[in-house]
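Notes follow once the structure below has been shown.
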Amino acid sequence: MEVTLSILLGFMIIGAIFALHAKDLLSAVIAAGIVGYSLVICFLLLKAPDLAIVQVVVETITLIIMVAVVLDSTREELKVKIDTQQIFNISLAFIFMLALIFFFVQATDMLNPFGQHSLRMASAYVGETAAKTGSANLVTGVLFDFRGYDTLGEATILFTAAIGVLTILRIKGKK
Amino acid sequence: MSLIVKKVAQLITGFIFLYGIYIIVHGHLTPGGGFAGGAIVAGAYILQTLAFGRDTLLLKKKETNTSLSESISILIALMLAGAGFFIGTKVFFNNYLPTGKIGDLVSAGTIPLYNIFIGIEVAAALLTIFLALLIYKEEIEE
């Protein structure tokens, strides 16, 4: 399974790099779709069908919207000249990247090796979810019972996003 | 769109819609749940709109309806969660209904109710965003 995952990850990296450098914006959007759909197969290989269903649907809908946006506006990339302000921005981004890498290395030293986590909460969830909530699907039992606040927050985020889109896109206003 | 696209969309939309409802209702038994099923239901509407143009849904009216159903469903989910505070122990998101037998369609207490309302909310939110992009673009062009 590791070999298949490595091939898929390499494929995703190639797709992401191509999406950055493609001349045509439509092919860049399609190449970004490679990343999403490969992630679906990764989720299926790692035995997470709940996530795979959500990912395949959301990826399809966002791809449709992105293709519609590209076909409506322009297919060519805008040329931007590099001035001192942008050199400053790029160097700032690199400094933050180095700082983040430093702290990530520091943090991963403290963790257990890959695949041997000490999951105290998770073992309790895995053992007792079916008995406590009566839900045969473990993921839904955790999402809607133990972690109900998380689900409520996600629903509120979608609600806020829809209201924000309605507010920003309305140019003429209600009559 | 061409005749082939219209015919295939006509044949397939109902099945996609039913599959989304199946995913929502069986969320506590099989993989999936409110989020996945809601996105699939929204996808059925989006397919219909893309194939037949905006006239099929009478969009100017429907857009306010989707926004309304989204607001109402998240309010109901909040009230279900708040009811747990008053019934039995004082815990928000308390599972106060009887859990029933594991594996039955009607089981797991309040989880299926949350699934259904979160599903309605997600479907309405995604559809609202899509329709807003469509309607306001045409308003700008006019």
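Numbers for the structure displayed
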{"read-out": "Hits in segment A:84-121 (condition: at pLDDT below 85 and either touching a strand residue (DSSP E or B) at 6+ places or on another chain (Cβ under 9 Å) or of a type in the set (Val, Ile, Thr) (or both))", "value": "A:Thr84, A:Thr108"}
{"read-out": "Residues that are at pLDDT 75 or above and assigned to a loop (DSSP other than H, G, I, E, B), drawn from segment A:124-146", "value": "A:Ala136, A:Asn137"}
{"read-out": "Among (1) farther than 21 Å from B:Ala132 by Cβ; (2) crowded, with 18+ Cβ neighbours inside 10 Å; (3) among the small types (Gly, Ala, Ser); (4) at pLDDT below 70 - the single one B:Ala83 does not satisfy", "value": "(2)"}
{"read-out": "Of residues in segment B:17-50 being in a helix (DSSP H, G or I) and of a type in the set (S, T, N, Q), the one farthest from the other protein chains (Cβ to nearest Cβ)", "value": "B:Gln48"}
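Conditions (1) of a type outside the set (Val, Ile, Thr); (2) under 30 Å from B:Ile46 (Cα atoms), marked per residue:
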| position | (1), (2) |
| --- | --- |
| A:Glu2 | yes, no |
| A:Leu9 | yes, no |
| A:His21 | yes, no |
| A:Ser38 | yes, yes |
| A:Ala52 | yes, yes |
| A:Ile87 | no, no |
| A:Ile95 | no, no |
| A:Ala99 | yes, no |
| A:Thr108 | no, no |
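The values are calculated or read from the model by the stated rules, or taken from the named source; none is laboratory data. In this text, all values refer to a predicted model and were calculated from it rather than measured experimentally. Methodologically, a virtual Cβ is constructed for each residue, glycine included, from the backbone with ideal geometry; neighbour enumeration extends over all protein chains shown.
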